[in-house]
1. Conditions first: (1) open to solvent by 40 Å² or more (accessible area, probe 1.4 Å); (2) in contact (Cβ under 8 Å) with a residue 60 or more places away in the chain; (3) not β-branched (V, I, T). A100 passes all but one, so which condition is the exception?
2. Please work out if E21 is of a type in the set (D, E), crowded, with 16+ Cβ neighbours inside 10 Å, in contact with a Pro (Cβ under 8 Å, 6 or more places away or on another chain) and under 25 Å from G156 (Cα atoms).
3. Kindly provide the set of residues from region 48-73 that are surrounded by fewer than 17 Cβ atoms within 10 Å (Cβ to Cβ), part of a helix (DSSP H, G or I) and either at positive phi or in contact (Cβ under 8 Å) with a residue 40 or more places away in the chain (or both), ordered by number.
4. Enumerate the pairs (first residue in region 171-190 and on the phi > 0 side of the Ramachandran plot; second residue anywhere and β-branched (V, I, T) and open to solvent by 20 Å² or more (accessible area, probe 1.4 Å)) with beta-carbon separation below 8 Å, excluding pairs fewer than 6 apart on the same chain, so at least 6 apart or on different chains.
5. Considering only strands (runs of 3 or more DSSP E) fully contained in region 187-289, which possess at least 1 residues that are open to solvent by 30 Å² or more (accessible area, probe 1.4 Å), of a type outside the set (G, A, S) and under 30 Å from S53 (Cβ atoms)?
6. Working only within region 131-158, note down all residues that are more than 16 Å from the chain's Cα centre (by Cα) and part of a loop (DSSP other than H, G, I, E, B).
7. Which residues, counting only those in region 118-130, are closer than 22 Å to I276 by Cβ, in contact (Cβ under 8 Å) with a residue 12 or more places away in the chain and either outside any loop (DSSP other than H, G, I, E, B) or not hydroxyl-bearing (S, T, Y) (or both)?
8. Tell me the residue from S185, S174 that is of a type in the set (S, T, Y), within 28 Å of Y93 (Cα to Cα) and in contact with a helix residue (DSSP H, G or I) (Cβ under 9 Å, 6 or more places away or on another chain), please.
Amino acid sequence: MTNMHAHHNYKNNNLGLQCFEGMKAYRSLSNDNDDNDLLLFRPDLNMARLQNSMSRLSMPGSDFDSDELIKCIQELVRVDERWVPDGEGYSLYVRPTVVATHPFLGLAAPESLLLYVITSPVGPYYKTGFNPIRLTADTKYIRAWPGGTGDCKVGGNYGPTMKAAAEAAERGYSQVLWLFGEEDSITEVGSMNVFFYLQNKDTGRNELVTPPLSRGDILPGVTRASIVELTRSWGEFDVTERTPTMPEICEAAKEGRLIEAFGAGTAAVVTPIEGIQYKGVDIEIKAIGELTQRVWDELTAIQYGKLKGPEGWSVVV
């Protein structure tokens with residue numbers, strides 16, 4: 001490992017001009033795999049998101065060649081091949097990072113950048129494994145808002161959430177369910193996207209709901225996109241990108257129409273939700289539900305090469 005020597009005036013240090021990505025390299029568990037292949041999962045989406053984050057921070061070079069950076073990451077994973085652990089739930093975390101290295105204190109776009117990639121072996125995100133978590137929506141803090149940077153993966157989105165997360169943990173909750181606006185619109189859970197499976201009051205049909213990207217305050221998660229595409233391909237229920245509110249979820253729970261809920265992200269993949277505190281009252285949710293389990297099973301099977309996914313989802317290193 002080589003240490004990075006940073007000038008004390010770097011814009012990254014003073015103005016928070018940095019962004020990053022979260023990816024994983026998986027060791028294939030396919031029965032047909034004789035070569036013990038290493039796999040990346042939809043790296044093209046990570047590159048597109050990194051470009052968007054760089055553009056939002058006025059970083060030069062946001063139009064970089066995505067294919068070339070993916071090739072560099074593939075070569076790095078090959079070099080670090082011995083660090084890729086075996087077994088489901090284990091992988092090599094890959095974090096491409098871009099920081100401003102322009103040694104100037106003024107409030108202006110940076111003229112120089114450093115792109116580097118960190119790798120680290122990781123196991124299951126939660127020590128308890130694929131077990132349900134409890135959330136609280138009772139916090140005075142807001143994660144993101146329209147016109148902000150909620151749809152970008154920048155460091156400034158994450159640091160301010162730590163206080164709220166610590167306060168939630170002190171009250172016995174695993175994460176914060178982030179809300180926005182007077183109607184208490186649901187946005188994300190912790191650092192994950194969120195899904196609710198319920199019976200729609202108007203149509204009577206079962207519906208998988210996740211907040212839309214159109215407002216610009218939701219991170220376009222790779223796992224989120226994959227779940228939306230995967231469940232739509234089943235054609236068994238409605239899959240909708242719309243804004244759920246806490247009053248709607250409370251009503252659905254009271255009327256017995258709330259079936260399941262789960263978070264989704266690169267780190268944990270899928271996390272079942274068994275309860276949400278809202279205005280001092282805990283809403284109980286069935287967990288682990290059948291849909292949550294099915295999404296977990298199929299998505300992880302694709303990531304580990306046990307199940308063939310749509311074209312381009314699995315990229316052999």
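The values are calculated or read from the model by the stated rules, or taken from the named source; none is laboratory data. For clarity, every value in this text was computed on a predicted model and none was experimentally measured. Neighbour counts are summed over all protein chains in view; Cβ atoms, including those assigned to glycine, are modelled from backbone coordinates with ideal geometry. Only protein heavy atoms, including side chains, enter the accessible area calculation; ligands, DNA and RNA are left aside. Shrake-Rupley method; radii C 1.70, N 1.55, O 1.52, S 1.80 Å.
1. So A100 meets the others, but not (1).
2. Answer is yes for this residue.
3. Selection gives N52, C72.
4. From region 171-190, the pairs are D184/T245; G190/T161.
5. 238-241
6. Across region 131-158, the qualifying residues are N131, P132, A137, D138, T139, K140, Y141, I142, W145, P146, G147, G148.
7. Hits for region 118-130 are G129, F130.
8. None of the others qualify; the one that does is S174.
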